[in-house]
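Taking it in order: structure first as structure tokens, then the write-up.
The values are calculated or read from the model by the stated rules, or taken from the named source; none is laboratory data. Because the structure is a prediction, the values reported are computed rather than measured. Positions of Cβ are generated from backbone atoms using ideal geometry, with glycine treated the same way; all protein chains shown enter the neighbour counts.
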Amino acid sequence: MSFKTKLTEMLGIDYPILQGGMQWLAKAEFVAAVSEAGCLGFITAASFPSKQELRDEIHKAKELTNKPFGVNVSMLPGLAAEDMTNQYFEVIIDEKIPVVETSGRSPEPFVPPLKEAGIKLIHKVPAVRFAQKAQSVGADAVTIVGFECAGHPGMDDVTTFVLIPRAAETLNIPVIAGGGIANGRTMLAALALGAEGVVMGTRFVATEECVIHNNFKEWLVGAKETDTMMIERSIRNAARVMRNEAAEKVAQMEEQGATLEELMTIISGQVGREAMLSGDLNGGTFAVGQAAGLIHEVKPIKDVVQDIVSEAEEIRKQINAM
């Protein structure tokens, strides 16, 4: 059983499902498991502080799977003195990675070298106007994330249900839907809205292969769709995270006019990483989508994917019979 779309044809995968960036969590073993399940896994470049460490992780993934996988490069303006983006792209091109997913600032400077190397570029955005810009500079596909998504859904508060058909009627390149997708029903809905594929992050956290502490997986299984909240609006970097003590503290600090430097004591990636790996549910902010309310068990990645595909196929039959 397979779902053929423009995206599966472009990327050489069985199912139109991409794994989200997932900093600190998307390591070689996890990414290879996603690709082996017939989807497209992504190593997150930002998890690696040096070119060599990213290269080593890519080599490890290549040993674990012959299937295609990509690298995610977040180009958001960072506080770090040195931006690693150029170095990450050197490794990606050297290693002949078939597809790269970018987010943040425009990928335009990297389009010529990627095209020359035969690497597909997917740019992730939270609004149709940014998707149009990505198409105009040469992206091969765009991911558009709705207000439901984990991480950064932009400042417009528009849901996936509206964004995807707007994008599909506006763009010529394949659209990938993100936000609120965690099962076969939501994947099929995204395809019906005009997407050629979906990206999932939150659902893949609740899998046996994910290295996050079990406390977070158990929290996800028990979570409701109302157990996330928006923070970081004051710094124009709106983020959807799990509702915990750290997130509530950030919201309180923002109300009191905290600076970015003050907020970073709680929202920095390193603080979040410590919490994720130690199991401290209140120790830092953790990106979670409203799809948390659709997750009811922790399973191997392969089983999660097969459940999604089977459910989507079953619902497709029901709709066809109407």
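In table form, for the structure just shown:
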item	result
Residue satisfying condition, being within 16 Å of the chain's Cα centre (by Cα) and charged (D, E, K, R), within set Lys27, Lys6	Lys27
Members of region 295-311 that are among the aliphatic types (A, V, I, L, M) and surrounded by fewer than 18 Cβ atoms within 10 Å (Cβ to Cβ)	Val298
Any strands (runs of 3 or more DSSP E) falling wholly within region 173-253 and containing at least 1 residues that are more than 17 Å from the chain's Cα centre (by Cα)	228-231
Failed item, numbered, when Arg316 is tested on (1) in contact (Cβ under 8 Å) with a residue 24 or more places away in the chain; (2) in contact with a helix residue (DSSP H, G or I) (Cβ under 9 Å, 6 or more places away or on another chain); (3) not assigned by TED's automatic domain parsing to the domain that holds Leu40	(3)
Within region 158-170, considering residues that are farther than 17 Å from Ala291 by Cβ and in contact with a strand residue (DSSP E or B) (Cβ under 7 Å, 6 or more places away or on another chain), the one surrounded by the fewest Cβ atoms within 10 Å (Cβ to Cβ)	Ala168
Residue satisfying all of: in region 1-49; among the hydroxyl-bearing types (Ser, Thr, Tyr) and closer than 28 Å to Ala192 by Cβ; modelled with the lowest pLDDT among these	Ser2
Pair list, Cβ under 6 Å, 6 or more apart: region 298-311 residue over 17 Å from Phe3 (Cβ atoms), other residue surrounded by fewer than 17 Cβ atoms within 10 Å (Cβ to Cβ)	Pro300/Glu208
Where Asp94 falls short, out of the listed (1) modelled with pLDDT of 95 or more; (2) out of contact with any helix residue (DSSP H, G or I) (no Cβ under 9 Å at 6 or more places or on another chain)	(2)
Scan of region 1-20 for residues that are surrounded by fewer than 24 Cβ atoms within 10 Å (Cβ to Cβ), in contact with a helix residue (DSSP H, G or I) (Cβ under 8 Å, 6 or more places away or on another chain) and of a type outside the set (A, V, I, L, M), ordered by number	Ser2, Phe3, Thr5, Asp14
Filtered residue count, region 12-32, keeping only those that are out of contact with any Lys or Arg (no Cβ under 7 Å at 6 or more places or on another chain) and not in a loop (DSSP other than H, G, I, E, B)	7
Residue identified as assigned to a helix (DSSP H, G or I), in contact with a Ser or Thr (Cβ under 9 Å, 6 or more places away or on another chain) and assigned by TED's automatic domain parsing to the domain that holds Ala150 among Val271, Val304	Val304
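Quick grid of which residues meet (1) within 20 Å of Gly289 (Cα to Cα); (2) without any contact (Cβ under 8 Å) to a residue 40 or more places away in the chain:
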| site | (1), (2) |
| --- | --- |
| Lys4 | no, yes |
| Met10 | no, no |
| Pro16 | yes, no |
| Gln23 | yes, no |
| Glu29 | no, no |
| Val34 | yes, no |
| Ala45 | no, no |
| Leu54 | no, yes |
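Each row is one residue, and each column tells you yes or no for (1) among the small types (Gly, Ala, Ser); (2) assigned by TED's automatic domain parsing to the domain that holds Ala127; (3) touching a residue at least 24 places away in the same chain (Cβ under 8 Å).
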{"site": "Ala167", "(1), (2), (3)": "yes, yes, yes"}
{"site": "Leu188", "(1), (2), (3)": "no, yes, yes"}
{"site": "Arg203", "(1), (2), (3)": "no, yes, yes"}
{"site": "Lys224", "(1), (2), (3)": "no, no, yes"}
{"site": "Arg236", "(1), (2), (3)": "no, no, yes"}
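Yes or no, residue by residue, for (1) charged (D, E, K, R); (2) touching a residue at least 60 places away in the same chain (Cβ under 8 Å); (3) assigned to a loop (DSSP other than H, G, I, E, B):
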| position | (1), (2), (3) |
| --- | --- |
| Thr102 | no, no, no |
| Pro109 | no, no, no |
| Pro112 | no, no, no |
| Leu121 | no, no, no |
| Arg129 | yes, no, no |
| Lys133 | yes, no, no |
| Thr143 | no, yes, no |
| Pro153 | no, yes, yes |
| Val158 | no, no, yes |
